[in-house]
Amino acid sequence: RPLRLETLQAAARGGPVVVLNVSRWRCDALIVRTSDVELVELPDLTEDQVLGQVRRYLAAVGDRQGEVGRDLGPAGGSSTGTALDDCLRWMWTAVAEPVLDHLGYSASPAEGDDWPRVWWCPTGPLTLLPLHAAGEHRTPGAAVLDRVISSYTPTLRALRDAGDRPDRAAGPDRMLFTGMPVTPGQRDLPDVLREE
């Protein structure tokens, strides 16, 4: 049986969970907190726009991978960079800014204050876009990165269940991630050394 809403709300212990609904009828954000659930209408977001942005974003990322080996500088230095910037600005205007403003995260936290965490739970084709990077990055304070710490969850239940597990990070089963710019039999990963 599906879990009751009250049970799923426990997923928001570490910060609000923003479930982003994308459908042909309408698109909304459900903001789930431990105490309530709010609906935020996203009138500038449509399923067709999301599909178009996903196509452009994936094409730009593919083009960027094809540009490996040339020193392009930051992503904004090419037509590919322009396409990526356009996508980030669109996500900011249509999705992230209205949600963050509704949550009251309209500026960077004051120095010394804790940064708020937002859990993004996109659905449908929106899962293919980097919501945490949304913003007008040439305008200070107009980006997700300027206002909150972003995390992702595939579902409320997954986040709730992960929070119920004992912390295993201190034990012997710790995980190590290693970036490999060159892996035999796979495509090279650009910018791995620069990101270290």
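Looking only at residues in the range 148-179 that are part of a loop (DSSP other than H, G, I, E, B) and at pLDDT 80 or above, which one is farthest from Val17 (Cα to Cα)? Full working, then the answer.
If we filter the range 148-179 for residues that are part of a loop (DSSP other than H, G, I, E, B), which is where we start, we get 148, 153-155, 165-179.
Then drop every residue that is not at pLDDT 80 or above, which leaves 148, 153-155.
Numbers: Val148: 13, Thr153: 9, Pro154: 11, Thr155: 10 Å.
Across the range 148-179, the extreme among qualifying residues is Val148.
Restricting the range 83-93 to residues that are surrounded by fewer than 20 Cβ atoms within 10 Å (Cβ to Cβ) and not acidic (Asp, Glu), which is farthest from the chain's Cα centre (by Cα)?
As a first pass, look at the range 83-93 and keep what is surrounded by fewer than 20 Cβ atoms within 10 Å (Cβ to Cβ): 83, 85-86, 89, 93.
Cutting the leftovers down to not acidic (Asp, Glu) gives us 83, 89, 93.
Numbers: Ala83: 18, Arg89: 13, Thr93: 14 Å.
Per the criteria, the residue is Ala83.
Pairs please, first residue from the range 122-148 and in contact (Cβ under 8 Å) with a residue 12 or more places away in the chain and over 13 Å from Ala107 (Cβ atoms), second anywhere and among the basic types (Lys, Arg) and buried (at least 16 other Cβ atoms within 10 Å of the Cβ), Cβ atoms under 7 Å, 6+ apart in sequence or on different chains.
These pairs meet every condition: Glu136/Arg89.
When the range 30-41 is examined, which residues are found to be touching a Lys or Arg at 6+ places or on another chain (Cβ under 8 Å) and closer than 13 Å to Val95 by Cβ? Before you say what the answer is, go through the steps one by one.
Quick first cut of the range 30-41, residues touching a Lys or Arg at 6+ places or on another chain (Cβ under 8 Å) only: 34, 41.
Listed by number, the list holds a single entry, Glu41.
Please specify each residue of the range 10-58 satisfying the condition of being crowded, with 19+ Cβ neighbours inside 10 Å and at pLDDT below 90.
Ala11, Ala12, listed by residue number.
Here's the yes/no breakdown for (1) among the aromatic types (Phe, Trp, Tyr); (2) within 27 Å of Arg26 (Cβ to Cβ); (3) assigned to a helix (DSSP H, G or I):
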position: Pro98; (1), (2), (3): no, yes, yes
position: His102; (1), (2), (3): no, yes, yes
position: Glu111; (1), (2), (3): no, no, no
position: Trp115; (1), (2), (3): yes, no, no
position: Trp120; (1), (2), (3): yes, yes, no
position: Leu126; (1), (2), (3): no, yes, yes
position: His137; (1), (2), (3): no, no, no
position: Asp146; (1), (2), (3): no, no, yes
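Filter the range 108-121 for residues that are in contact (Cβ under 8 Å) with a residue 40 or more places away in the chain and open to solvent by less than 60 Å² (accessible area, probe 1.4 Å); which is nearest to the chain's Cα centre (by Cα)? Walk me through it before giving the result.
Taking the range 108-121 and keeping what is in contact (Cβ under 8 Å) with a residue 40 or more places away in the chain, we get 116-121.
Now drop any that are not open to solvent by less than 60 Å² (accessible area, probe 1.4 Å), which leaves 116, 118-121.
Values: Pro116: 15, Val118: 9, Trp119: 8, Trp120: 6, Cys121: 8 Å.
Going through the qualifying residues, I end up with Trp120.
The values are calculated or read from the model by the stated rules, or taken from the named source; none is laboratory data. Remember, it's a predicted structure, so these values are computed and weren't measured experimentally. All Cβ positions, even for glycine, are placed from backbone atoms using ideal geometry, and neighbour counts span all protein chains on display. What goes into the accessible areas is simple: the full protein's heavy atoms, side chains included, and nothing from ligands, DNA or RNA. Shrake-Rupley method; radii C 1.70, N 1.55, O 1.52, S 1.80 Å.
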